[in-house]
Amino acid sequence: MRISMMMAMDTRNLIGKEGGMPWHISSDLQYFKRVTMGKPVIMGRVTYDSIGRPLPGRANIVVTRNNQWSVDGVRTAASLHEAYDVARTQSAEEMMVIGGASLCQAAMPDTERLYLTVIDHEFPDGDTWLDSFNWQDWTVTSVDKHDETADGGYRFAYYVLDRKS
Ligand SMILES: NC(=O)c1ccc[n+]([C@@H]2O[C@H](COP(=O)([O-])OP(=O)(O)OC[C@H]3O[C@@H](n4cnc5c(N)ncnc54)[C@H](OP(=O)(O)O)[C@@H]3O)[C@@H](O)[C@H]2O)c1
């Protein structure tokens, strides 16, 4: 099963602000839903807390070092590799690592495909960055550019990136 990642960032790799997202772009949320539906999603505990509920139609796997942590409808894993093993029990062509920064840092070397939304803006406020991402490690398989001023007023692009061999 392919290990994939799906993230959205601004032009300076910003991904988070005060435990949530720095922007609200509803078409990106719909795209996230379309791509991840039916696939196991692996996330850090802080990202789960920011979502606040299991994502429907997907096996939710939360990585946490806290063995007391438990939520109905969510599978827990004590390490990233345990999360991969849980994901492999599902029937899907790929598993999706969906953040946040610390989990992506650990998962980036294993990630074969990256669905990356790049918002063409520098947000002034934020506290979490996708530092583990470097363009030179990736081949652009496809890019779909949007200029939807009705949706938050930001231009953004959906990249599908595959790791250079
Ligand atoms: N823009 C985007 O696409 C996007 C996507 C997702 C998240 N975000 C944002 O990113 C921010 C959260 O990122 P974050 O880096 O602070 O947190 P995070 O990666 O979501 O979660 C960190 C927590 O996950 C657990 N964890 C992470 N790596 C682990 C490992 N290798 N082994 C075991 N446990 C591990 C630990 O949980 P315990 O403390 O419970 O042990 C750790 O404290 C939020 O602002 C969120 O909104 C943005």
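The values are calculated or read from the model by the stated rules, or taken from the named source; none is laboratory data. From a predicted model like this one, the values you see are computed outputs, not experimental measurements. Here the Cβ is made from the backbone with ideal geometry for all residues, glycine too, and neighbour counts use every protein chain on show. Quick note on the areas: whole protein, heavy atoms, side chains included, nothing else; ligands and nucleic acids left out. Shrake-Rupley method; radii C 1.70, N 1.55, O 1.52, S 1.80 Å.
Of the set (1) within 15 Å of the ligand (Cβ to nearest atom); (2) part of a loop (DSSP other than H, G, I, E, B); (3) not β-branched (V, I, T), all apply to S165 but (1).
Looking at A83, is it farther than 24 Å from A157 by Cβ, away from the ligand (no atom under 12 Å from the Cβ), among the small types (G, A, S) and open to solvent by less than 20 Å² (accessible area, probe 1.4 Å)? Let's see the steps before the verdict.
Values: farther than 24 Å from A157 by Cβ: yes; away from the ligand (no atom under 12 Å from the Cβ): no; among the small types (G, A, S): yes; open to solvent by less than 20 Å² (accessible area, probe 1.4 Å): yes.
Answer is no for this residue.
Residue count for the range 50-70 under the criterion of being within 13 Å of the ligand (Cβ to nearest atom), part of a loop (DSSP other than H, G, I, E, B), open to solvent by 50 Å² or more (accessible area, probe 1.4 Å) and of a type outside the set (G, A, S): the result is 4.
Considering T47, T76, the condition of being in contact with a strand residue (DSSP E or B) (Cβ under 9 Å, 6 or more places away or on another chain), within 10 Å of the ligand (Cβ to nearest atom) and either open to solvent by 50 Å² or more (accessible area, probe 1.4 Å) or in a loop (DSSP other than H, G, I, E, B) (or both) is satisfied by T76 alone.
Looking only at the range 118-140, residues that are open to solvent by 80 Å² or more (accessible area, probe 1.4 Å) and without any contact (Cβ under 8 Å) to a residue 60 or more places away in the chain come to 3 in all. In the range 25-33, the condition of being charged (D, E, K, R) and at pLDDT below 95 is met by at least one residue. Among residues of the range 90-108 being within 11 Å of the ligand (Cβ to nearest atom) and open to solvent by 30 Å² or more (accessible area, probe 1.4 Å), the one that is farthest from G19 (Cα to Cα) is A106.
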